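This report concerns only the one structure given below.
The values are calculated or read from the model by the stated rules, or taken from the named source; none is laboratory data. As the structure is a computational prediction, the values presented were derived from the model and not from experiment. As a convention, Cβ positions derive from the backbone with ideal geometry for all residues, glycine included, and neighbour counts pool all protein chains shown. The area values use the complete protein model at the heavy-atom level, side chains included, leaving out ligands, DNA and RNA. Shrake-Rupley method; radii C 1.70, N 1.55, O 1.52, S 1.80 Å.
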4 protein chains.
Amino acid sequence: MATRDNFDLAHLGGVELFTPVFEESLHFFRDLLAMREVARIGDSAYLRCWDEYQLYTLKLTASDTNGVGRTLFRVTSPEALERRVAAIEAAGLGHGWREPEVGVGRSYEFEDPDGHLMGIYYDTEHYVPDDEDRPALKNQASAFPGRGVNARRMDHINYLASDVTKAGEFWRDVMGARESERVRLDGGGYAAWWFRFQQKSYDVVYSEDWTGEHGRFHHFALAPDTREDILKAADIFLENGVHIEFGPYKHAINQTFFIYVWEPGGNRIELANAGARLILDPDWPVVEWSQAERARGQAWGAKTVPTFHTHGTPFLANQAEIDEAAMKGEPIPAPQKR
Amino acid sequence: MATRDNFDLAHLGGVELFTPVFEESLHFFRDLLAMREVARIGDSAYLRCWDEYQLYTLKLTASDTNGVGRTLFRVTSPEALERRVAAIEAAGLGHGWREPEVGVGRSYEFEDPDGHLMGIYYDTEHYVPDDEDRPALKNQASAFPGRGVNARRMDHINYLASDVTKAGEFWRDVMGARESERVRLDGGGYAAWWFRFQQKSYDVVYSEDWTGEHGRFHHFALAPDTREDILKAADIFLENGVHIEFGPYKHAINQTFFIYVWEPGGNRIELANAGARLILDPDWPVVEWSQAERARGQAWGAKTVPTFHTHGTPFLANQAEIDEAAMKGEPIPAPQKR
Amino acid sequence: MATRDNFDLAHLGGVELFTPVFEESLHFFRDLLAMREVARIGDSAYLRCWDEYQLYTLKLTASDTNGVGRTLFRVTSPEALERRVAAIEAAGLGHGWREPEVGVGRSYEFEDPDGHLMGIYYDTEHYVPDDEDRPALKNQASAFPGRGVNARRMDHINYLASDVTKAGEFWRDVMGARESERVRLDGGGYAAWWFRFQQKSYDVVYSEDWTGEHGRFHHFALAPDTREDILKAADIFLENGVHIEFGPYKHAINQTFFIYVWEPGGNRIELANAGARLILDPDWPVVEWSQAERARGQAWGAKTVPTFHTHGTPFLANQAEIDEAAMKGEPIPAPQKR
Amino acid sequence: MATRDNFDLAHLGGVELFTPVFEESLHFFRDLLAMREVARIGDSAYLRCWDEYQLYTLKLTASDTNGVGRTLFRVTSPEALERRVAAIEAAGLGHGWREPEVGVGRSYEFEDPDGHLMGIYYDTEHYVPDDEDRPALKNQASAFPGRGVNARRMDHINYLASDVTKAGEFWRDVMGARESERVRLDGGGYAAWWFRFQQKSYDVVYSEDWTGEHGRFHHFALAPDTREDILKAADIFLENGVHIEFGPYKHAINQTFFIYVWEPGGNRIELANAGARLILDPDWPVVEWSQAERARGQAWGAKTVPTFHTHGTPFLANQAEIDEAAMKGEPIPAPQKR
């Protein structure tokens, strides 16, 4: 169990994303979001944002479906790694140690209660830019790309879960994450739960999957610096035919300015200016929203897009039908496995 | 001694600032920077920014001189407080426990090797806004003021020191702060040293005082969100006759976008967008700049303003003469005590 | 008739706005939008934005209803005034000359084919700021307020009309305005029509009033400088309980970034960054959108808010019922006169 | 002579720029500023910004020196063209008619009193984007590039002149431009003079050439939308090794936010957010600054960079020596012809 005295979790360290249209997805991340490919192994491209100190944060893998593979989280020290592994093993969710991969060291693999595959690690390699990628200022990980959205770094990940409460309790009690905000269901339990590791206001989020499926992916977010960056991103997505699902707009919860798009493989990707608002208070009391408060919509009043709790990856066989029903406010059809 | 495993320091928690022109300084912080006065005790006004969870972060005190009083830092837990107090006492720099003040709990007072007065505390009261100050969104500390610069929060403090190296070693070894960046003197030792507590890229800074004085104040910084906010601030300072010393511009070190002004009492205040660039790496290797690298100027090439290492508070008796000599590139006159 | 060789129209010069809640509306314009009251005559307050050269652009009048009074447009020269008056008289829409008012000189009053009251004038007084309002830079009309939204200037006006085509033809053929863009109805005629005077991309707009009423007001727009200014405005409106009807978002037509709010009196007000995109081409071919193109929504895909063609002022007796039906996509009830 | 009733000048329509390092300069305009090459004829590349309706605005020509070739200005109508040609011929500065070039129609060539080569034209071809360059929104000239600085359009041109007064009188009296602002020399005449054509606050500027040379080029400006765009541009220039001469900062005169860089060929290029502040007043009284007022520096207090009145193109044989002397505040060496 985490005590308030430990900060064992450092940051979201890497995500594997599956796509059935590898080249189109690669174009999206590399040319529009300005990530750089650092390695290609088998069916996977490893990509990094320009201000990330590690070798990669996105492993993009060609697949016959979409959705998320293993998510990696970095911890703050070797001792923190030991503590978290012990806690995970005690919870009976551990899979065992895995080999290093493209600069990211030995990791301990596990799954969350909803079945998402995860790993934690401490050792990692620091990126050393080559001549072409060397920044003008030595305190920057690599050159500012000056291309597309210029996403600075990976920010957070959001999973869909059939049981948000159980998944959240795991992150609070076993992983030692701190709660930022949560949406409480009138009947008990939570519809959505935000967790932070240190001062960034959130790093891991769970949202209810209205289809009742397990282990699906909601989105991960990349962080540009400002709201204007996200408006520019919207212009770029418009010009490049990327589907904008929601935004640019401002969340009520956590007050992030956001845009949600569907990358060509169907996975939801967010751009979020998650840096301006930090939680400096080590004692931050979790902010809880009732269903009624949540129903009021996002910060400036717009209602949350209806596909927010249905569009997840991997797609169900009738995903398009489900999303369409959600948009029309009709009952959601029974999910059909692919 | 700090081990890498502990994050004992949370954030800069409060600064006492002396001013010989109390009403003018109060106008500056309250009306231009949009801070709110929460208490008035004796000669001091206690002020807070709109997104700060504590009751106050600035104690503005009428005095016959300017400069900084006691700086308060919050730690992450009661255990962290014990650890830091023990380390400070072991270093022989402790003064003892002090009473709570306007919501900020019992603190342990000490001084740094250069003689700046400081305190650390854990207990603190959370601000509860009244009707007028209640925010529309419950995850915000108080209402967005919509006034002047709308500074979101206190960010960091920068001291002048006669011996930066000694002061920095104290923060690294006794206080358990993490190094962000530093400027190494060709002859050994450091001209400037930046420390961070967690993910914010810096919280405490020391810069060399070319007058050789002890215990002087360089500046503290308040954080708006974006570079555009700081440009707007410059427009507001221009319109209100506030002296702009340097900027708006971009630092090479830490890459902060900044503006330095002299508040009416003569103390230097910075506005800094210190949130966009976070240090997520728990292992971040300190970035060291040589004197030659530093001499190249700020990020986009402008030279650092010459008064940067001479204009400190409390003023010397010949402060204006010293600053003028610095601006002209002439030898700095011997400091005369007030 | 205007020839391409004349630029007879200069800019929107003044709007009279009626409000049944005078004090609340005055607070909105003065304290939130940062306008300055320059005169109070009878039931009217005269207000100006900080970068406007005239004495006033908004005449806010206490009334038992809402809606727009007379709109004033400045022409480019005395000769232009003669030409336009002659054209208006020839069209049989002239009312005659009116006396000067708070710095705005003798005007010729007329009405457009939908019954909106208007006037044109050339003579005007230039604002001379007093000590408190004197700007730091002499090329600025008055001091930057540093308050609320800091709206720079009045930008354009948009009327509802029962017959957009007829109103537009009047502006094109009689007033000598230039067309920017228009929405063509499948059955002929126009659903909305944008006109510009010179390089600003539009100054006068007509939109169809789905209630079939005459002479109603859609909105006028004030211009801050950037999209970020408009996001800040949204934060301020949220905090101050102002109803946000739509946005912040980006128009497809004219690509303006906008927010629409209802000021306390029920009149729709827009903030629009209408300056970045200018029409420098004296020959600019009007951009025509089909109904199908228009139905695709605003620039990034969001659908236009349904009250856009029903919420007009003065209110109908069943305005709230009409707006609610529009929001629900139900048939719009027959309008009932107040 | 222009009467107040005519707006004969539309906008800066095209500039020929000479460069001794053609490929490097082409890289600068195409890859960093995001212009698109539309034609290559002989030693010249023709380039356009993404929101320009014409085929090109920059003709970049390989040469053994740098500097500006012919500048083209578009007029508002065929009648305006006749009027201006007649006025120029009456002033004895006309050269005669020239053939169309890459979409820009027949032009009348002339020189200003300082010897800069110019032309005016009315006929021009409208750019029709191909599939790759077709914008998502039909009211936009071409696709948003999402690359580098994303400069929207050409904005204005600034010449160095040995006699600013004479050049300015030509633009005021013969060309029919309107005065925006000017710097009056204590001894009479002007040190700098800004002219506007319509609502954009300036289109043509003259500044004194302290070397006493004739016909040299100071800079032309491309316009992104916001101040933040210009800060981003500074980051991109830093990363790509482009020499930043001055800024990002805010001009006192015209209040433009700017950055001045030297493109690889040595020509000064400005990025300026010249759109936010428009001059809507057809009667705008010219703003005159005294030498003492000008000496106070730019808007926020920084002094104008000393090379501003010496670094011009084509370079003198001892240009580097002259610029260096200016930077040191030493007497400027006698100019030596190349």
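Figures for the structure shown
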read-out: Identity of the residue in the stretch D:143-164, open to solvent by less than 30 Å² (accessible area, probe 1.4 Å) and more than 10 Å from every other protein chain (Cβ to nearest Cβ), that ends up nearest to D:Phe7 (Cα to Cα); value: D:His156
read-out: Selection from the stretch D:42-57 of residues that are away from chain C (no Cβ under 14 Å) and touching an Asp or Glu at 6+ places or on another chain (Cβ under 8 Å); value: D:Ser44, D:Ala45, D:Tyr46, D:Leu47
read-out: All positions within the stretch A:1-41 that are small (Gly, Ala, Ser) and modelled with pLDDT of 95 or more; value: A:Ala10, A:Gly13, A:Gly14, A:Ser25, A:Ala34, A:Ala39
read-out: Members of the stretch A:23-34 found to be under 11 Å from A:Ala45 (Cα atoms) and open to solvent by 30 Å² or more (accessible area, probe 1.4 Å), listed by number; value: A:Glu23, A:Arg30
read-out: Filtered residue count, the stretch A:176-193, keeping only those that are of a type outside the set (Gly, Ala, Ser) and closer than 16 Å to A:Phe73 by Cα; value: 1
read-out: Residues (polar (S, T, N, Q) and open to solvent by less than 20 Å² (accessible area, probe 1.4 Å)) located in the stretch D:278-307; value: D:Gln298, D:Thr307
read-out: Hits in the stretch A:68-112 - residues which are of a type outside the set (Gly, Ala, Ser) and open to solvent by 50 Å² or more (accessible area, probe 1.4 Å); value: A:Pro78, A:Glu79, A:Glu82, A:Arg83, A:Glu89, A:His95, A:Trp97, A:Arg98, A:Glu99, A:Pro100, A:Arg106, A:Glu111
read-out: Residues that are open to solvent by less than 10 Å² (accessible area, probe 1.4 Å) and not in a loop (DSSP other than H, G, I, E, B), drawn from the stretch C:200-222; value: C:Lys200, C:Val204, C:Val205, C:Tyr206, C:Ser207, C:Phe217, C:His218, C:His219, C:Phe220, C:Ala221, C:Leu222
read-out: From the options A:Glu169, A:Glu179, residue that is part of a strand (DSSP E or B), open to solvent by 10 Å² or more (accessible area, probe 1.4 Å) and acidic (Asp, Glu); value: A:Glu179
read-out: The stretch C:113-141, residues that are touching a Gly at 6+ places or on another chain (Cβ under 8 Å), within 14 Å of chain D (Cβ to nearest Cβ), buried (at least 20 other Cβ atoms within 10 Å of the Cβ) and not polar (S, T, N, Q); value: C:Tyr121, C:Tyr122
read-out: Number of the condition not met by D:Asp43 [criteria: (1) in contact with a Pro (Cβ under 8 Å, 6 or more places away or on another chain); (2) without any contact (Cβ under 8 Å) to a residue 40 or more places away in the chain; (3) acidic (Asp, Glu)]; value: (1)
read-out: Residues of the stretch A:184-199 satisfying the condition of being touching an Asp or Glu at 6+ places or on another chain (Cβ under 6 Å) and either assigned to a loop (DSSP other than H, G, I, E, B) or open to solvent by 10 Å² or more (accessible area, probe 1.4 Å) (or both); value: A:Arg184, A:Ala191, A:Trp194, A:Phe197
read-out: Within the stretch D:227-242, tally of residues that are under 27 Å from D:Trp193 (Cβ atoms) and not aliphatic (A, V, I, L, M); value: 1
read-out: Any hit, the stretch B:42-49, residues being open to solvent by 40 Å² or more (accessible area, probe 1.4 Å) and at pLDDT 95 or above; value: yes
read-out: Residue within the stretch D:285-296 that is on the phi < 0 side of the Ramachandran plot, in contact with a Ser or Thr (Cβ under 9 Å, 6 or more places away or on another chain) and in a loop (DSSP other than H, G, I, E, B) present; value: yes
read-out: Residues located in the stretch B:279-338, provided they are among the polar types (S, T, N, Q) and touching an Asp or Glu at 6+ places or on another chain (Cβ under 8 Å); value: B:Ser290, B:Gln291, B:Thr307, B:Thr310
read-out: Within the stretch B:77-123, strands (runs of 3 or more DSSP E) holding 3 or more residues that are of a type in the set (A, V, I, L, M); value: B:117-121
read-out: Criterion violated by C:Val75 - all others in (1) in contact with a helix residue (DSSP H, G or I) (Cβ under 9 Å, 6 or more places away or on another chain); (2) away from every other protein chain (no Cβ under 14 Å); (3) among the β-branched types (Val, Ile, Thr) satisfied; value: (2)
read-out: Test: residue in the stretch C:205-221 that is more than 10 Å from chain D (Cβ to nearest Cβ), closer than 25 Å to C:Asp163 by Cα and β-branched (Val, Ile, Thr); value: yes
read-out: Which listed residue, of A:Thr65, A:Thr57, is polar (S, T, N, Q) and either at pLDDT below 95 or surrounded by fewer than 19 Cβ atoms within 10 Å (Cβ to Cβ) (or both); value: A:Thr65
